[in-house]
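K.L.:
Sharing a structure below in structure tokens format, with a few things to ask.
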Amino acid sequence: MYDICDRESFNEVTRLCQQIYEIKGQCRTRIAPKICIPMVIIGNKCDREKHREIDSSEGEELARQYTNVSFTETSAKKNVNVEDAFIRLFTLAKMPAEMSPSLHRKVHPGVIDDETTSRKSLSIRRRLSEACGTIAPNARRPSIRTDLLTAQMRGSTSRSLIATNTGNSKCTIQ
């Protein structure tokens, strides 16, 4: 990502792209001789058109120099094309679009009472009203695997509490 109002930031992105391809090029094998690194080059602050130093054609040209690289301009301040940048990256990386931050949902474990068999089972359900996109500096979105492991851990804890609470004990502390 570079600032469209700062030539040096564009030059730094150019150097970073070259460096990434040089380093990843050393990782080639007989099985995968051609490297294909999904990247999106982003020109940020497109809302500051009056102060523009880098034309969008320069960003497009930089992206064309590499395979599997896309270009877009965004404005983080005005939330312009931010979602598009993520979707482009996930498309290039052949990842599901659901990985995009706006589509994240918390996964909550819950215990379902089955009235007919009178047994309790673990359920993982999505709360569509709660997005995980909490704004925090340097925060990382936990993976889906982390969500599932957390759900399993919470579920197994609640099941063990239910199982140990069937006797005469009044309080179980873990």
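The values are calculated or read from the model by the stated rules, or taken from the named source; none is laboratory data. Predicted, not measured: the structure shown is a model, and the values here were computed from it. When we count neighbours, we look across all protein chains shown, and the Cβ atoms used for this are built from the backbone with ideal geometry, even at glycine.
K.L.:
Take the stretch 46-64 and flag every residue that is part of a loop (DSSP other than H, G, I, E, B), among the charged types (D, E, K, R) and under 22 Å from N79 (Cβ atoms).
P.N.:
Filtering the stretch 46-64 down to residues part of a loop (DSSP other than H, G, I, E, B) leaves 46-48, 52-55.
With the extra rule that they be among the charged types (D, E, K, R), the set shrinks to 47-48, 52-53, 55.
Of everything in the stretch 46-64, those that are part of a loop (DSSP other than H, G, I, E, B), among the charged types (D, E, K, R) and under 22 Å from N79 (Cβ atoms) turn out to be D47, R48, R52.
K.L.:
Just wondering, is there one or more residues in the stretch 72-88 that are of a type outside the set (D, E), more than 21 Å from D6 (Cβ to Cβ) and over 19 Å from the mean Cα position of the chain (by Cα)?
P.N.:
Checked against the condition, which is being of a type outside the set (D, E), more than 21 Å from D6 (Cβ to Cβ) and over 19 Å from the mean Cα position of the chain (by Cα), the stretch 72-88 yields no hits at all.
K.L.:
Next question, about the same structure. Considering the stretch 64-92 alone, what residues qualify as being touching a Pro at 6+ places or on another chain (Cβ under 8 Å), closer than 10 Å to P38 by Cα and among the aromatic types (F, W, Y)?
P.N.:
Hit for the stretch 64-92 is F90, nothing else.
K.L.:
The conditions are (1) at pLDDT 90 or above; (2) in contact with a helix residue (DSSP H, G or I) (Cβ under 6 Å, 6 or more places away or on another chain), and E12 fails exactly one of them. Which is it?
P.N.:
Of everything listed in (1) at pLDDT 90 or above; (2) in contact with a helix residue (DSSP H, G or I) (Cβ under 6 Å, 6 or more places away or on another chain), E12 misses just condition (2).
Per-residue answers, yes or no, for (1) among the charged types (D, E, K, R); (2) crowded, with 17+ Cβ neighbours inside 10 Å:
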residue	(1), (2)
G59	no, yes
L62	no, yes
Q65	no, no
N68	no, no
A76	no, no
N79	no, no
A85	no, yes
R88	yes, yes
K94	yes, no
